[in-house]
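The values are calculated or read from the model by the stated rules, or taken from the named source; none is laboratory data. From a predicted model like this one, the values you see are computed outputs, not experimental measurements. Neighbour counts are summed over all protein chains in view; Cβ atoms, including those assigned to glycine, are modelled from backbone coordinates with ideal geometry. These accessible areas exclude ligands, DNA and RNA; they are computed on the full protein's heavy atoms, side chains included. Shrake-Rupley method; radii C 1.70, N 1.55, O 1.52, S 1.80 Å.
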Amino acid sequence: DHITGQSFEHRRDWIEQRILQLAGVFTIDVAAYAVMHNHYHIVLRVDNERVANLSTEEVITRWSQLYRGPLIIRRYLSDKRSEMSQGELIQVDKLADEYRKRLCDLSWFMKNLNEFISRKANAEEHTRGHFWESRYKCQALLDEPALLAAMAYVDLNPVRAAMSDTPETSDHTTIKRRVEQSQSPPPEPPKKPAIPTDTDILNLPEAPLLPFDPTETFTAGIPFAFADYLELIDTVGRAVHPKKRGFIPETTPTILQRLNINTEAFIHNADQFLRRFGTTVGHPAKLIDLAASRNVRYLRGMAKSRALFGKVA
């Protein structure tokens, strides 16, 4: 705060920690994030298949990490479950069905992220009211090139904003966290009791980031090699540095060649990528298919998609 001289830098820690905590509760994985001074970017993967395979007990246990729930839920999670009637168990199943939908709902994820930060900031300042300027904005990533471009855009945000000289030294970003974790594996998360206390709800364990999986062995994974992604981030990071903007490298990162992405267009748009698209990002063919399914003639970003990802065959 330029008037009082007070620093609120610690709130970036709040946001980063909360993002990873919620990823451990929801069936929503974190691929990339960057917490800036007055906003943040985050790339998420919603896993509908995983939440569908969770048992009633698993669903309730997850949701109870955020909300203690009604008495019937607390009884179900206790040693008194065997005393519950059939009617009570049916009611528990109904509640679990509702919780299951929420566990893969982006709006509930963002609500638990933004509302938590708002309450914490208001408590710190002894005030009340809105903390965030507006509701979050989201864009659907339709394919691998869109995912790669979005992750690079997010991880390079601090470099583009001149907050850091290199990606791996950019605080509160996934690229820094991934580099640090590649050098020393993260500790095992602590075990939680079945029935959470108020302290447990505030101190959730942090979930690991969505892993890179170039062999695509796992459904939930980023389909690139981490080494290739680091090469891309390093190359583009140098290109979008404030003192070197517009620089085109002599060699093209292999990951761009494999995905047939225009290197020059990718670097020129590395600092404004998502602004050129509407609610969806992807290959021209993906955008055309989506427009047809929505029965609309045009989707914003088609020209930029052709420039970045190639023309429709």
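So the values come out like this:
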quantity: Unmet requirement for LEU54, which otherwise passes all of (1) in contact (Cβ under 8 Å) with a residue 60 or more places away in the chain; (2) assigned to a loop (DSSP other than H, G, I, E, B); (3) open to solvent by less than 30 Å² (accessible area, probe 1.4 Å); calculated: (1)
quantity: Failed item, numbered, when ALA207 is tested on (1) more than 18 Å from ARG12 (Cβ to Cβ); (2) at pLDDT below 90; (3) among the small types (Gly, Ala, Ser); calculated: (2)
quantity: Residue tally, condition assigned to a loop (DSSP other than H, G, I, E, B), touching a Phe, Trp or Tyr at 6+ places or on another chain (Cβ under 8 Å) and among the aliphatic types (A, V, I, L, M), over the stretch 57-93; calculated: 1
quantity: Elements of type helices (runs of 4 or more DSSP H) in the stretch 94-180, at least 2 residues being surrounded by 18 or more Cβ atoms within 10 Å (Cβ to Cβ) and at pLDDT 90 or above; calculated: 106-125, 144-155
quantity: Considering residues of the stretch 86-109 that are within 19 Å of the chain's Cα centre (by Cα) and among the hydrophobic types (A, V, I, L, M, F, W, C) only, the residue farthest from LEU71 (Cα to Cα); calculated: LEU106
quantity: Tally of residues being out of contact with any Cys (no Cβ under 8 Å at 6 or more places or on another chain), surrounded by fewer than 19 Cβ atoms within 10 Å (Cβ to Cβ), touching a residue at least 60 places away in the same chain (Cβ under 8 Å) and assigned to a loop (DSSP other than H, G, I, E, B) across the stretch 274-305; calculated: 1
quantity: Number of positions in the stretch 269-278 that are at pLDDT below 70 and within 16 Å of PRO145 (Cβ to Cβ); calculated: 4
